[in-house]
Amino acid sequence: MCELLGISSSRRMNAQDLLHAFRRRGGETADNTDGWGMAFLRDDRFMLHKEPLPAAHSHEYVDLADSVQTDLLIAHVRKARLPLVNTLANTHPFRHHCCGRDWVFAHNGLVPEAIALARRDPQPPCTPTGETASAPQHTAGRTSEASRASLSARGPRLVPIGETDSEHAFCHLLENISQHIHEPPASGLEPWFEALAALSGLIAAHGKFNFLISDGVYLIAYGHDRLHYREHGGGEKNEAVWIATEPLTAEPWQAFETGELRVYRRGRLIGRVLTPHAAVSAMASNTHSLNAA
């Protein structure tokens, strides 16, 4: 059911072997044949490439894997579930503008409640007024000053471009982030990280919710039931983390704890939030809608 790959590093790196191992998960060693996507930083802007085709048979993926050098990357191979349609618009990662920055997101799991909530909401959840619903596939834009002022006053209303439960959930996460991102930290951790973890736990209680999200600075990973990481030390100038649904190398990887949110910047772990197991269990039996969040 889809797989994720994330990389955060203190320096630009060529992850050719890792990317090719992940490519094989898209139709060769795993049955994720309904599309692939890769978002990575270049000159402080996200480049986004994707196809609704198996990664294992994609010439474009091979070319990217052989040439990409970056310090931040999110990739995804898809097994279509909701909906059972492998179009470009439904292919991860997704990208939206919020809080004056560009965000990318990829998800593994199934959270149909995210779509149900959007249908109950009289206003759809993701593209803010004055912004276009789509962005160029290979370059990222920035929110205008006027739009930022408007959004800070009323919060973003974000409209998914595709039909997936994943993108609907992404939009809900961004709306939640927008409510907390300007709050001053009371301690060392930004308040919006903790708010993001809390909402992620609530969404996970309605399905399966493992994801990677980034604003171009942080790589944030949430592990619900199927996510692993491998950290590489070596001093400030040579730190890196790999995050993947399943280990991609013979080296030892560490499984995420259930409900664990990990925040990395330039390859270094800067924050960790654990959604309590008791809270996850209680939320799973709660019949209230996500509006309660």
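Just so it is clear, none of the values below were taken in a lab; they were calculated from the coordinates. Nothing here was measured: the structure is a model prediction, and the numbers come from that model. Because the Cβ atoms are built from the backbone with ideal geometry, glycine has one as well, and the counts that use them run over all protein chains shown.
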> Relative to the present Cα-Cα distance, how much length would full extension add between His20 and Asp44 at 0.36 nm per residue of separation?
Replying inline: 6.2 nm
> Once you put a point 7 Å from the Cα of Glu236 and another 7 Å from the Cα of Arg268, both along the Cβ direction, what distance in nm separates them?
Replying inline: 0.7
>> List the lysines whose Cα sits under 16 Å from the Cα of Lys79, skipping any in the same chain fewer than 8 residues away.
In response: Lys50, Lys208
> Can you put Thr249, Thr164 in order, fewest other beta carbons within 10 Å first?
Replying inline: Thr249, Thr164
>> Full-extension gain between Met1 and Ala255, please, as 0.36 nm times their residue separation minus the C-alpha to C-alpha distance.
In response: 89.7 nm
> Given the Cα-Cα distance of Glu246 and Lys208 and 0.36 nm per residue of separation, how much length would full extension add, in nm?
Replying inline: 12.1 nm
> Would you list Asp66, Asp102 from fewest to most Cβ contacts within 10 Å?
Replying inline: Asp66, Asp102
